[in-house]
Amino acid sequence: MTAANQDQIEKVVELKAPVARVWKALTDHEEFGAWFRVRLDGPFEVGALSTGQLTFPGHEHVKWESLTETLEHERVFAFSWPPSAVDPDGEYDADAKVTVEFCLEPTADGTRLTITESGFLQFPEAKRLEVLRSNKQGWDIQAGHVTAHVAG
């Protein structure tokens, strides 16, 4: 595995729902919480910290903390989270972050959603592959969740 493909995960999901519907599922904190399995304390706002608690079975002990980076209406939603969330014993710079970006494109059948999570090179090499594998598996699961959510 090269350094380039150790730094990010990309998942493309074809959704049979219009961009406006997918955008709402991603950026309305209650809808996001429903499919992502997290209880968020408030709405996403650029530059604001979002907090909450995961409700995903087996992960209910995990607290949610993210910073909303981008909200470009019906195009791009991005947030970041601290690497210490999954590696509490690691030492990271105060500004270290992993970024999740959702890009939406209209298609003939609905919406192409590209999910990119980047910033894994800052994890120690011994921890990096474990985090990458776990998060890749997580995005495979979440892609199914958002697909079902917007179809319903």
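None of the figures in this text is laboratory data; all of them are computed from the coordinates on show. In this text, all values refer to a predicted model and were calculated from it rather than measured experimentally. A quick note on method: Cβ atoms are made from the backbone with ideal geometry, for glycine too, and the neighbour counts reach across all protein chains shown.
Any idea which of 58, 33, 90 is of a type in the set (Gly, Ala, Ser) and either closer than 15 Å to residue 150 by Cα or in contact with a His (Cβ under 9 Å, 6 or more places away or on another chain) (or both)?
One residue alone meets the criteria, 33.
Which of (1) within 21 Å of residue 130 (Cα to Cα); (2) assigned to a strand (DSSP E or B) is the odd one out, the single condition residue 69 does not satisfy?
It fails just one condition, (1).
Of all residues being touching a strand residue (DSSP E or B) at 6+ places or on another chain (Cβ under 9 Å) and part of a loop (DSSP other than H, G, I, E, B) in region 89-112, which is surrounded by the fewest Cβ atoms within 10 Å (Cβ to Cβ)? Just the residue, please.
Top of the filtered list is 109.
Got a sec? Which strands (runs of 3 or more DSSP E) wholly within region 1-62 have at least 3 residues that are free of Cβ contacts under 8 Å to residues at least 40 places away in the same chain?
In region 1-62, 38-40, 49-54 are the strands (runs of 3 or more DSSP E) which contain 3 or more residues that are free of Cβ contacts under 8 Å to residues at least 40 places away in the same chain.
Listed here are the residues, each with its yes/no results for (1) within 23 Å of residue 7 (Cβ to Cβ); (2) among the charged types (D, E, K, R); (3) without any contact (Cβ under 8 Å) to a residue 60 or more places away in the chain; (4) not in a helix (DSSP H, G or I).
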| site | (1), (2), (3), (4) |
| --- | --- |
| 114 | yes, no, no, yes |
| 129 | yes, no, no, no |
| 132 | yes, no, no, no |
| 136 | yes, yes, no, no |
| 140 | yes, yes, no, no |
| 150 | no, no, no, no |
